[in-house]
Amino acid sequence: MRPGGRPARFAFALAFTLALASVVGGCASWTETPFVREASDAASTLSAAAELLEASHTERLTGSYVQGAFLDLEESISGLDSELPQLEGRPDDATVKSLADELRTTVSILRMPCLDSSCDWQGQLMKLRDTSDAFTAQLPAP
Amino acid sequence: MKKVFAIALGVMTATGGFLDAGAITTAAAAGANFGLGLVWAMVLATVAVMLLVEMSGRLTAMSGKTYADGIRERFGFKFYLLPLTSEVVANSLLLAADLGGMSIALALLTGISWHVLLPVSAMLVFVMVWRAPFSLIENGPSLFGLLALAVVAGVLAMGGPPAELVPTLWQPPIEDGQLAEYLFIAAAILGAVISPYLLYFYSSGAGEERWSRRSLGINRATAVLGMGFGSVTALALIVLSAIVLAPAGISGGTLPEIGLTLVQPFGTIGGILFAVILFTTCLGASLEVVLSLSYNIAQGFGWEWGETKKPAKAARFNLLLIVFIGLGLGLSLLGSDPLQLALFGSAFTALVLPISLLPFLVLMNDPDYLHDRVNGAFGNLALGGILAISFVVAVVSIPLLILSGG
């Protein structure tokens, strides 16, 4: 095998990646647990939903935009309540159950958001924010 | 005057056509999660794509042959099957992601589920590739794509990046457990921006427009200015995501989340602008991907090809267009999230990048194709650098995808 062949290139690539990783990462570990990843995504989705719902009631967004957005947001977290108890890195059972219960309520909000003043949109907004905060509380401190 | 107009049009279309579902997804995820810490990846990818686009246009202008023709002739049909197969897999994923992106944009405008709108998006792409002239396909969505400059206006409207964000440019905020995600997004940015389909499409477009030695000026201006201006919109999306999404704890994991970047500064108009930008950029990318795939196969097998030819004159080429739109629609209908598809597509593109880029090194130094316009020392050095990066990205992209949880 001549110098500079495939093994040499692979070794170079690996060394470069590890060097880059050590420079940019310092002592940071490589990955988050599946539970932390899902909790972080759920917190983000619900926070976005809260922003969208508030924007629609302060005339910064149309109802159809929020409706279309909520359909996609709902899809991204639907089924997570039943996945939570199986995820690696999850907290104790009581916390998981509480999170799953809260999530089920908020998914129903995403399915039927209150887009006019005839219903309790502020209650929905508070529920979305509270559930987002509950998931954020499960993330490791920065 | 005609030349100035052609250059201006080329630059505008390249600017408007820079973003697609992959670039929007990766740029927003970068800004929302790591501040300005991945700006370097976007700048690196932009310089690489500028050089590669210029080379693919120069190859066609000087030889009258497309990049796909060149690979097949110079390396043989068996070798050509390698980039062809990898392009078919990667681009089918990207096409499904772009059709999904178009549908979500329509969903934001109408309030209807994006799944229901998928066939509408596919039909629109079909009608355009079947009926519209090449100039409309090339320029139409891209000129609308110029609306993406609203992202730059959004950064200005938000008062620019705050002082505390600036240090993240050289000191990325990577928290414990986020290293794999950081590196994965860097690889995905490179895969999303240095898309080989863009090179095949650009080269085939130059063939459709019968470029010659006299087109070299237009080629250089389009590559450098168009891609340069285009990357400004992607960079602005990184900045705007860092300003708007990160403080609200939003990671940009879905397209409606990313839309908030324009809702915050511009309200209702911002929401509509985001939907229109998403729709036109994904439409433009869908058209480019479908045509690029069909060009690749038709040119590889030596079939009659050409978007401007009547379907009966290039029957197999036109059949391919229908097959790939059907394939993209099928993948989208399986229910995968377009944003996930865009990330997988970008990661897979990164994996196969060296296969598509390696032939450049040989072709761009072959005087039978380039005559007196073969690559100089700088061009070869730059190409060598891009290839080295593409090898690294190829080796790490899939392990990082798995480590970061996709």
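Assorted remarks:
- Counting heavy atoms of the protein chains alone, B:K310 has an accessible area of about 150 Å² for a 1.4 Å probe.
- Counting every C-alpha pair in chain B, the share spaced more than 42 angstrom apart comes to 8%.
- Applied to the stretch B:379-394, the Karplus parametrisation 6.51 cos²θ - 1.76 cosθ + 1.60 on θ = phi - 60° returns per-residue 3J(HN,Hα) values of x, 5, 5, 5, 5, x, x, 4, 5, 4, 5, 5, 5, 4, 4, 5 Hz, with x for Gly and Pro.
- Accessible area buried, both sides summed, chains B and A with 1.4 Å probe, Å²: 3400 Å²
- Charge-dipole axis of the protein assembly as shown as Lys and Arg at +1 and Asp and Glu at -1 on Cβ define it, positive-most pick from A:T31, B:L319, B:S332: B:L319
- Highest mobility in the GNM of chain B, judged by mean-square fluctuation with C-alpha springs under 10 Å and restricted to B:V166, B:V276, B:V39, is found for B:V166.
- Spherically averaged projected area of the stretch B:67-152 from its Cα convex hull (nm²): 8.0 nm²
- Residues considered: B:E138, B:E257, B:E87. Largest GNM mean-square fluctuation over chain B, using C-alpha springs under 10 Å, is found at B:E257.
- Shape metrics for the stretch B:106-241, restricted to C-alpha atoms - Rg then Dmax, Å: 19.3, 55
- With the simple model of a label 7 Å out from the Cα in the direction of the Cβ, B:L334 to A:E88 spans 2.4 nm.
- Dipole axis of the protein assembly as shown (+1 Lys, Arg; -1 Asp, Glu on Cβ), positive-most option in A:S44, B:L108, B:S92: B:S92
- Counting every pair of alpha carbons in the stretch B:239-366, the share spaced more than 26 Å apart comes to 44 percent.
- Using the empirical formula 2.2 N^0.38 Å as the baseline, the Cα radius of gyration of the stretch A:24-106 reaches a ratio of 1.33.
- Convex hull of the protein assembly as shown built on C-alpha atoms - directionally averaged projected area, nm²: 25.7 nm²
- Based on Cα contacts under 8 Å between residues 6+ apart, chain B shows a relative contact order of 36 percent.
- Counts of other chain beta carbons within 10 angstrom of each beta carbon in peptide A:36-49 average 5.
- Just so you know, the Cα atoms of the stretch B:102-150 work out to an Rg and Dmax of 12.5, 32 Å.
- Taking B:A248, B:A27, B:A107 as the candidate residues, the one with maximal mean-square fluctuation in a Gaussian network model of chain B, Cα springs under 10 Å, is B:A248.
- Each Lys and Arg adds +1 at its Cβ and each Asp and Glu adds -1 at its Cβ; summed about the Cα centre, the protein assembly as shown shows a dipole of about 2640 debye.
- Ordering A:L128, B:G270, B:L82 by the projection of their Cα atoms onto the charge dipole of the protein assembly as shown, which places +1 on the Cβ of Lys and Arg and -1 on the Cβ of Asp and Glu, puts B:L82 at the extreme positive end.
The values are calculated or read from the model by the stated rules, or taken from the named source; none is laboratory data. What you are looking at is a predicted structure, and each value in this text was computed from that prediction instead of being measured. Cβ sites come from the backbone with ideal geometry, for glycine too, and all protein chains shown count toward neighbours. Heavy atoms of the whole protein, side chains included, go into the accessibility calculation; ligands, DNA and RNA do not. Shrake-Rupley method; radii C 1.70, N 1.55, O 1.52, S 1.80 Å.
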